[in-house]
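Report on the structure given below.
Read-outs throughout are calculated quantities, based only on the coordinates presented, and are distinct from any laboratory measurement. Because the structure is a prediction, the values reported are computed rather than measured. FYI the Cβ positions are ideal-geometry reconstructions off the backbone, even for glycines, and counts take in every protein chain you see.
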Amino acid sequence: MIRPLRLLGFVVLCVALFATAAAHADEDYEAGLAAYEAGDHDTARELWSLSAAVGNAQAATGLGELYLTGSGFEADPVQAAVWFRQAAEQDEPRALHLLGILHAEGQGVPRDEERA
């Protein structure tokens, strides 16, 4: 009887940790958006990196846009494509659109009309 209770406790702990991480991811995304809108692209990149690392697709899209435009640092279309792809795999509409453009133009990824 102890083992099923241990398993249940472990599952509850994992769910709680995931929910906490998701809440922080949303907070980091929103704080990053505020920083971006204020022109603080370094802080936006830092916060969106934290949020994207735990699966926030909007943050990954924002990072992709920062890397694509080089806002506050040198543009890196390859890295932009990485972030767009991560968000696109979660069906983030803007990321799907921007990744399609990269494929159409061959920017940061091989040119591929079918993928575009």
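Name the shape class, rounded, prolate or oblate, that the alpha-carbon gyration tensor gives for the stretch 40-103, where a ≥ b ≥ c are the square roots of its eigenvalues, rounded holds for a/c under 1.5, and otherwise prolate holds if a/b is larger than b/c and oblate otherwise. Because a/c hits 1.5 or more and a/b fails to exceed b/c, the stretch 40-103 counts as oblate. As an exercise, identify the GluC sites (Glu not before Pro) in the stretch 27-116 lying in DSSP coil whose Cβ has no more than 16 other Cβ atoms within 10 Å. Passing both the DSSP loop test and the Cβ count: Glu74, Glu89, Glu113, Glu114. Taken along the Cα-to-beta-carbon direction at a fixed 7 Å, the label points for Glu114 and Arg85 span 1.7 nm.
For the stretch 70-116, chymotrypsin sites (Phe, Trp or Tyr not before Pro) are listed when DSSP marks them as loop and at most 14 other Cβ atoms sit within 10 Å of their Cβ; the list is Phe73.
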